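The structure appears right after this line, and notes come after that.
Every read-out reported here was derived from the displayed coordinates using simple, explicitly stated rules and does not represent laboratory data. For clarity, every value in this text was computed on a predicted model and none was experimentally measured. Neighbour counts are summed over all protein chains in view; Cβ atoms, including those assigned to glycine, are modelled from backbone coordinates with ideal geometry.
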């Protein structure tokens, strides 16, 4: 799966070579969105055909909410410290 | 925001079609998904690299501004570690990888599906959608009580696009560059950190 990172890097460098072109960005940005639609549709298909996931969907949803709350709380906490001790000083 | 809704609708449409049992047995979307995922990675790179805002964003990167995404990464993992300690029902790798989506739910959902199966992928998708929604709704609250960087951190990778307007409204227009740099760094960090978690940890 390292190939994922390699492809990402190759794409970014190629894209950067075209960074003057708004048209290039517009087309690739739109295409990226369509590919994401397709992948999420496939992901839905494979989830929909797995009864063991469908049965637990409420539980998965609840767990997802909990995980996101912990992730947000942690990052808001460190952001608070960063703001309080480093960023706020320069603002005043 | 409109495209986020369409993305979710495609996922739901897939589930509904999968549920109907209309699909012939034995079709495997796994191989196809991997190929499409490879193409996606190239295109994410292409549009990321050619983003007209990127040169200006790169110019304005400073060590101090980089502290913001670094703080978000550390804080997110801190929260995830506490979750994992209190509710040890997920493996450490899976829970850290889900956290490392930083709100970038489409990519993290698809990637984690490849590394760890549909169940974890779905959990990653839902957890990171929830992160985006909470960040959209609570940006003013976070900014008011936890400082002006809090809505940026909460938004994760989405601070450069979907949640940018609410962040600027909550914390002020002079948080534009910070939000953009933060979003760019985390967007690029998502595939790297998720791969590292599964391959190295």
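Tabulated values for the structure
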read-out	value
Residue that is more than 7 Å from every other protein chain (Cβ to nearest Cβ) and either in a loop (DSSP other than H, G, I, E, B) or touching a helix residue (DSSP H, G or I) at 6+ places or on another chain (Cβ under 7 Å) (or both), where the choices are B:109, B:103, B:121	B:103
Condition broken by residue B:89, with the remaining ones in (1) crowded, with 24+ Cβ neighbours inside 10 Å; (2) outside any helix (DSSP H, G or I) satisfied	(1)
Criterion (over 11 Å from the mean Cα position of the chain (by Cα) and at positive phi) met by exactly one of B:117, B:121, B:79	B:117
Matching residues, region B:33-57, being more than 7 Å from chain A (Cβ to nearest Cβ) and either buried (at least 21 other Cβ atoms within 10 Å of the Cβ) or over 24 Å from residue B:181 (Cβ atoms) (or both)	B:34, B:35
Lone unmet requirement of (1) farther than 26 Å from residue B:31 by Cβ; (2) more than 7 Å from chain B (Cβ to nearest Cβ) for residue A:6	(1)
Residue match in region A:43-64 (condition: within 7 Å of another protein chain (Cβ to nearest Cβ), out of contact with any strand residue (DSSP E or B) (no Cβ under 7 Å at 6 or more places or on another chain) and farther than 26 Å from residue B:126 by Cβ)	no
Entirely in chain A, the helices (runs of 4 or more DSSP H) that have 2 or more residues that are under 28 Å from residue B:86 (Cα atoms) and in contact with a helix residue (DSSP H, G or I) (Cβ under 9 Å, 6 or more places away or on another chain)	A:51-55, A:57-82
